[in-house]
Amino acid sequence: MADSKLILKWTNKFSGEEGYVKTVSVKEGHFVNTNNIAEAKSYRRRGIAYKGIAYLAALGEADNNVFTAVEA
């Protein structure tokens, strides 16, 4: 059975602000967010979405944010 399409949701640990990951900039070492769910980067496999979360954590983005993979 195929996994559902997933997107990454983020929540700021301090302000509670929420949104979705639009892109991840490897060169600049950060992510670009959006409040529009239609603009969020989508993943076809749960494992790839979790690798995206791990990469964001490696960039230090998880210091201030919580990332979760959610169905689109």
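The values are calculated or read from the model by the stated rules, or taken from the named source; none is laboratory data. Remember, it's a predicted structure, so these values are computed and weren't measured experimentally. Cβ atoms come from the backbone with ideal geometry, glycine included; neighbour counts cover every protein chain shown. Accessible surface is based on the protein model in full, side chains and every heavy atom, while ligands, DNA and RNA are left aside. Shrake-Rupley method; radii C 1.70, N 1.55, O 1.52, S 1.80 Å.
A few remarks follow.
- Where the chain is the region considered: accessible area per residue in Å², 1.4 Å probe: 67 Å²
- With the simple model of a label 7 Å out from the Cα in the direction of the Cβ, Val70 to Phe14 spans 2.3 nm.
- Computed over the chain, the ratio Rg/Rh where both radii use C-alpha atoms and Rh is Kirkwood: 0.95
- In loop segments of the chain as defined by DSSP, the chymotrypsin sites (Phe, Trp or Tyr not before Pro) with at most 15 further C-beta atoms inside 10 Å of their C-beta are Phe14.
- Assigned charges on the beta-carbon of Lys, Arg, Asp, Glu; the chain dipole about Cα centre (debye): 320 debye
- Helix axis angle, 46-58 relative to the chain longest principal axis, alpha carbon, degrees: 10 degrees
- Value of relative contact order over the chain, rounded to a whole percent, pairs C-alpha under 8 Å and six or more apart: 43 percent
- In the elastic network of the chain, a GNM with C-alpha springs shorter than 10 Å, the most mobile of Ala49, Ala58, Ala40 is Ala58.
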